[in-house]
Structures are given as C-alpha cells and as structure tokens.
Amino acid sequence: MRRRPPQPLADLDLRRVRRLLLINSTAMGDLLLSTPAIRALKETYPHWQLDLLVHPRNRDLVAHNPRISRLWLYPGRGEKLFRLMREIRRQHYDAVLILHGNDPEASLVAWSAGTPFIVGSGRSPFAFAYAARVSSQDSYRHAIERRLDLVRVLMADTNTREMEVFLPSQEVSRAGDFLGRHFGDRPGVLMALHPTGSGTYKWWPLERFAALGHYLYQQYGAALLIISGSKDRQVAEALAAQLPGPNLVTGGRYPLLTVAGFLKHCRLLVANDSGPMHLGLALKVPTLALIGGDHPARIGPYQVKWGRALCKREEVCESEECLKTRKCQNNRCMQAIDLQEVINTLKTWWEPRWWKGNRL
C-alpha cells in the first residue's frame, strides 16, 4: 500500500454522503457483532446506501437485512481480490468503514475504493491510511461498543445494543416442518447445545455437555439440537451417542439459514464462545454462553435479558496467550465451569422466565 497522508474526516460533508462501503470479512460472530453499528448508520442516515463486504460463508446472515443495499463477497487472496478491488473502485463510494477485517486485505480493499475517507481501528498496521483511527483504552470494552465507536465518528448511534438477523418467515416454517418430520409427534420442547467452536481451547468438556443433555431430557423432556460444523461433526455425533433422548446433529449438513430456523424453534441454547452463540443471541433465543479464554465483558451477551454467561478464567488463569495462539495445553478456564453451576444458572435465570409459561 502506497503511503499517502490521510485527509481529515472533518472534511467529509455528511450531508452529501450517498454511498458507504462497510467491510466485515471475518467470522460469523464478528459479523453479528457489527449489526448494531449497521443499524445505527441506517437509523441515523436512512438515505445512505450501505454496501457490505462479507465472507461468502456468512452471506445468508445479512442477505435479507433491509439496511444493506448490496453485498460484496470476499474472494480471498490472489487475482480475485484484485478484480474485486477494481470493481469496488468503479462504485465511487463516499467513504469506507472497516467494521472488522483481516489486514492487509481489509485495508487494501478500503484503500482501493479511491476515497480518502476511511474509518477503521487504530490498532491496524495500516491505520496511517485512515481518515479516522478509532481505538479504546478500555481492554474490556464490548465488541459491540467498539464497532459502534466506529460509526459514532460519523455521528451515528442507536438506542439498543441488540444484534439482529432477519430470518424470512418461510425459513422458520420450513425448519419447523423438518423438525416435525425428524422428531415425529413426540410432545416436548427443543433445546440446543453447541459443544465445539473455532478452537478446542474454547470447548467445555464433552462429558459435561453429555451430563447436561441427560439433565435437560430428564428435567424438561427436551429433544436436543446439537450444532456443529462439518469439521467437528464427529465430536457432535459422539455427544449425540451419549444422550438418552431424541436429537439432531447439524454437522454442516444444512444451510446456515436452515440452522438459524432450527434455532428459532429452540427454548434454550447452551453454547461455547462461538458464532452459533452469537447467532442464538441475535435470534433472541435464551442463550447461556460458556466462555473461557476471552471475557464476557468483551464478547459475551450484552444488554439483553435473554443472554447469560459463565466464565471462570480470572479465577484460575492469568494468561490470555490462548487468544493469540488459539491453543491451550490444559483448558483450565473451561474445566473450571462446573456442571452444577450451569444447572443452577438455568434454574435461577432461565427456568422462571422461559420455562414456566413465559416467552420472549
């Protein structure tokens, strides 16, 4: 990237802005955490055209978002990326906002748009090219607020912090029909477990998920949806084999919106720190998040009554090295979350609100 002095953001006349490119080309959770910031922009500037660059695997999460006018799909590195950059340059965007992306690609795409007005994280090694570099001294500032900080420099904000997914009603209906065929006419409720995630250092022990599954079946008669990708399907199936009641393993077999439709029919989700955890929260499914290496203040349920988190890292481990290496030899933080503590949280938080006749 050729060094050029950034133009001050104060030179951007917000009254004349018509088209804004947003970049969020990383994981599912990162995209969902950006949805309040996207909402803030559209609520503040309803006449702005908001185009969004996303990873192809997450396209369906925002395909029906009425706040987004156009989706660009991140093609990865190589010639396809340069073709994308040339096409983006032809759009003549007024400004670019990097909500979350991996460098150097995210900054290169932003720079290729041709506008001098780029807003992004002050921690980026390419922040010298940004008109506004946004950072926080609070290491525990929530990821939703960090993204909102980016749009606040454009004088945008929103009253709520809820993540959102716009799920077509037909997807929910189709998911319900499928679940009916799979589980038959068996009475009861559907609950979800997500026993895996992007790194094993984030995983709660599988035997405790199995014990929790036994409890949910015995206590509530719950059928269980076990969410996993194709890479960790064997782990999910190993869990399913230990459960006493009916279950369904997604295992990467279903489109993302179908899994979202399944989740929408669930009364509860218990999940490791992961994309599905954020998806459950965005769908307003009561979600208990089991968090290890990171901290709930940064990435856990945020200002929503349907989310709770359990985290023991500060009690058993002072290191955050796993967040950099994505590895841990002993997984102490997740081992420290006791099964009985999970059950007690369900009894005191979830059961009074969502089991005894109350719904969201």
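Run the dipole for the chain about the Cα centre, Lys and Arg Cβ at +1, Asp and Glu Cβ at -1, nothing else charged, and hand back the magnitude in debye, nearest 20.
Working: 50 positive and 33 negative charges, 180 e Å.
That gives a dipole near 860 debye.
Please list the non-local residues whose amide H lies under 5 Å from the amide H of Trp72, H modeled 1.01 Å from N, same-chain partners needing a gap of 5 or more.
Leu52, Leu53, Val54
Residue by residue through segment 59-70, what is 3J(HN,Hα) from phi via Karplus (6.51 cos²θ - 1.76 cosθ + 1.60, θ = phi - 60°)? Round to whole Hz and write x for glycine and proline.
Values per residue, Gly and Pro as x: 3, 5, 5, 10, 4, 10, 6, x, 7, 9, 8, 9 Hz.
List the relative contact order of segment 169-355 as a percent without decimals, with contacts defined as Cα pairs under 8 Å and 6+ residues apart. Kindly include the intermediate steps, with their values, before the conclusion.
Details: 320 pairs, mean separation 41.0, N = 187.
Rounded, it is 22 percent for segment 169-355.
Defining a contact as two alpha carbons under 8 Å apart and six or more residues distant in sequence, what relative contact order in percent does the chain show? Write out the running numbers ahead of the final one.
On the way: 669 pairs, mean separation 55.5, N = 360.
Averaging sequence separation for qualifying contacts and normalising by length gives 15 percent for the chain.
If amide H atoms are built 1.01 Å from N in the plane of the peptide, which residues on other chains or at least 5 residues away come under 5 Å of the amide H of Asn272?
His194, Thr196, Leu290
Determine ³J(HN,Hα), in whole Hz, for all residues of segment 8-18 in sequence, where each value follows from phi through the Karplus function 6.51 cos²θ - 1.76 cosθ + 1.60 and θ = phi - 60°; x replaces Gly and Pro.
For segment 8-18, the Karplus curve yields x, 4, 4, 7, 7, 7, 4, 5, 9, 6, 10 Hz.
Amide H to amide H under 5 Å from Asn247: which residues, 5+ apart in sequence or cross-chain, H placed 1.01 Å off N in plane?
Leu224
Rank His194, His214, His47 by mean-square fluctuation in a GNM of the chain with C-alpha springs under 10 angstrom and give only the top-ranked residue.
Highest fluctuation among the options: His47.
Using only Cα atoms, what Kirkwood radius does segment 75-181 have, in angstroms?
Details: mean 1/r = 0.0611 Å⁻¹.
Taking the inverse mean of 1/r over all distinct Cα pairs, segment 75-181 comes out at 16.4 Å.
With unit charges on the beta carbons (Lys and Arg positive, Asp and Glu negative) and the dipole taken about the Cα centre of the chain, which residue among Ser230, His47, Ala192 sits farthest to the positive side?
Ranked along the dipole, the leading option is His47.
About the Cα centre of segment 9-152, how large is the charge dipole given +1 on each Lys and Arg Cβ and -1 on each Asp and Glu Cβ? Please answer in debye to the nearest 20. Could you put the intermediate results ahead of the total?
Working: 22 positive and 14 negative charges, 66 e Å.
Value, rounded to 20: 320 debye.
Would you mind classifying segment 9-152 by shape? Square roots of the alpha carbon gyration tensor eigenvalues, ordered a ≥ b ≥ c; an a/c under 1.5 is rounded, otherwise it is prolate if a/b is larger than b/c and oblate if not.
Note, shape of segment 9-152 comes out rounded.
If every alpha-carbon in the chain counts as one equal scatterer, what log10 I(q)/I(0) does Debye give at q = 0.10 1/Å?
Log10 I(q)/I(0), no solvent term: -0.65.
Residue by residue through segment 342-348, which ³J(HN,Hα) values in whole Hz follow from phi under the Karplus form 6.51 cos²θ - 1.76 cosθ + 1.60 (θ = phi - 60°), with glycine and proline marked x?
So the Karplus estimates, Gly and Pro as x, are 4, 4, 4, 5, 4, 5, 8 Hz.
Using only the Cα atoms of segment 169-314, what semi-axes does the equivalent ellipsoid have when each is the square root of 5 times a gyration tensor eigenvalue? Give whole Å, largest first. If you can, show how the numbers build up before the last one.
Details: eigenvalues 103, 59, 43 Å².
After diagonalising the Cα gyration tensor, the semi-axes are 23, 17, 15 Å.
Read-outs: derived from the displayed coordinates by stated rules, not from any lab. These numbers were taken from a predicted model, which means no experiment stands behind them. Backbone-built Cβ (ideal geometry, glycine too); neighbour counts: all protein chains shown.
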